[in-house]
């Protein structure tokens with residue numbers, strides 16, 4: 001079931017649909033069986049999904065996924081991982097134990113889903129770049145998920161963040177050079193602001209009070225007020241900061257600087273770069289082609305996807321060193337983790 005129209009869904013019909021599809025699990029039920037710390041990697045050239053055992057560093061399973069898969073998100077209960085099928089129109093869901101595909105939720109013509117969040121509420125959010133919108137998928141693991149579409153009206157709505165209370169989502173819009181705030185509850189029109197050149201990375205601080213954005217075309221990171229969209233601080237980073245991720249503890253944000261083969265570490269209190277962590281270095285940067293970055297839940301490790309060499313670099317944050325390189329599928333990009 002899909003409900004669309006002007007990017008806003010309100011009224012009794014929407015409330016009934018939400019109630020009908022809301023997850024029925026109670027706290028403590030449906031929790032996945034104990035599993036070693038696990039990394040999932042979507043390989044955009046190989047069209048596969050990999051499972052890596054972080055205890056051993058070994059890729060234990062790799063299976064076909066969908067055309068040009070990109071971002072990944074794990075379910076709150078740890079039983080499933082959702083994949084944005086950028087080369088198609090669907091969000092596909094796989095079991096974390098076996099990588100069996102159990103759902104394929106179609107978003108309509110030309111959707112091209114890319115960024116994805118599996119919210120603590122159980123709902124999935126994804127950008128639909130080809131439709132200049134985002135989708136909310138309510139009850140994704142029920143027999144009849146409901147999708148709500150919200151227009152951004154911007155070109156290349158690529159990555160997204162969602163507030164803890166699910167009232168607001170934000171997108172980076174590569175083609176329009178903007179960041180857009182989308183109200184998920186009212187008829188208020190989306191609010192877009194120009195932020196640097198080619199904003200792509202986006203990450204909301206754990207307290208929800210600061211929206212961090214990296215603009216790859218201007219080698220900058222920005223701290224925005226999530227509601228007014230005012231730029232509070234501008235930070236010079238390394239070259240081509242493709243992604244930005246706030247540490248779970250909230251003390252730093254890190255950008256993935258593709259052309260330097262490094263990470264810029266930003267103190268979130270002062271909005272200053274306090275150190276640079278080399279991952280491959282400038283000489284190997286164009287070979288390794290680092291893209292997505294992901295924190296471990298304890299904030300001690302950073303995982304860096306190197307799409308050119310089909311590897312993921314595991315970085316010790318405190319020491320600023322690469323501990324090992326994990327093999328995955330061809331062109332590994334999107335990542336998700338189970339602690």
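The sole residue among 281, 250, 238 that is without any contact (Cβ under 8 Å) to a residue 60 or more places away in the chain, surrounded by fewer than 16 Cβ atoms within 10 Å (Cβ to Cβ) and within 21 Å of residue 223 (Cβ to Cβ) is 250. Residue-level check: of (1) in contact (Cβ under 8 Å) with a residue 12 or more places away in the chain; (2) surrounded by fewer than 22 Cβ atoms within 10 Å (Cβ to Cβ), residue 262 misses just (2). Of the residues making up the range 207-224, those that are outside any strand (DSSP E or B), in contact with a strand residue (DSSP E or B) (Cβ under 6 Å, 6 or more places away or on another chain) and within 21 Å of residue 248 (Cα to Cα) number 1.
Residue check: residue 187 meets all listed conditions (1) farther than 19 Å from residue 333 by Cβ; (2) touching a strand residue (DSSP E or B) at 6+ places or on another chain (Cβ under 9 Å) but one, namely (2). Just name the residue that is surrounded by the most Cβ atoms within 10 Å (Cβ to Cβ) out of those in the range 174-206 that are assigned to a loop (DSSP other than H, G, I, E, B) and under 18 Å from the mean Cα position of the chain (by Cα). Taking the candidates together, the pick is 174. The criterion of at least 2 residues that are surrounded by 23 or more Cβ atoms within 10 Å (Cβ to Cβ) is met by the following strands (runs of 3 or more DSSP E) wholly inside the range 50-106: 69-74, 80-85, 90-95. Filtered by the rule that a residue be in contact (Cβ under 8 Å) with a residue 60 or more places away in the chain and either within 23 Å of residue 68 (Cβ to Cβ) or in contact with a helix residue (DSSP H, G or I) (Cβ under 7 Å, 6 or more places away or on another chain) (or both), the range 117-139 gives 133, 138, 139. Evaluation of residue 272 against the conditions (1) within 22 Å of residue 200 (Cα to Cα); (2) under 23 Å from the mean Cα position of the chain (by Cα) shows that the sole unmet condition is (2). The residue that is surrounded by the fewest Cβ atoms within 10 Å (Cβ to Cβ), among those in the range 207-234 that are touching a residue at least 24 places away in the same chain (Cβ under 8 Å) and over 23 Å from residue 156 (Cβ atoms), is 207.
Tallying residues that are assigned to a strand (DSSP E or B) and without any contact (Cβ under 8 Å) to a residue 60 or more places away in the chain within the range 151-173 yields 11. Residue 327 meets each of the listed conditions (1) over 15 Å from the mean Cα position of the chain (by Cα); (2) closer than 20 Å to residue 55 by Cα; (3) in contact (Cβ under 8 Å) with a residue 24 or more places away in the chain; (4) crowded, with 20+ Cβ neighbours inside 10 Å apart from (4).
Coordinate-derived values only; no laboratory data. Since we're looking at a predicted model, the values are computed, not measured. Backbone-built Cβ (ideal geometry, glycine too); neighbour counts: all protein chains shown.
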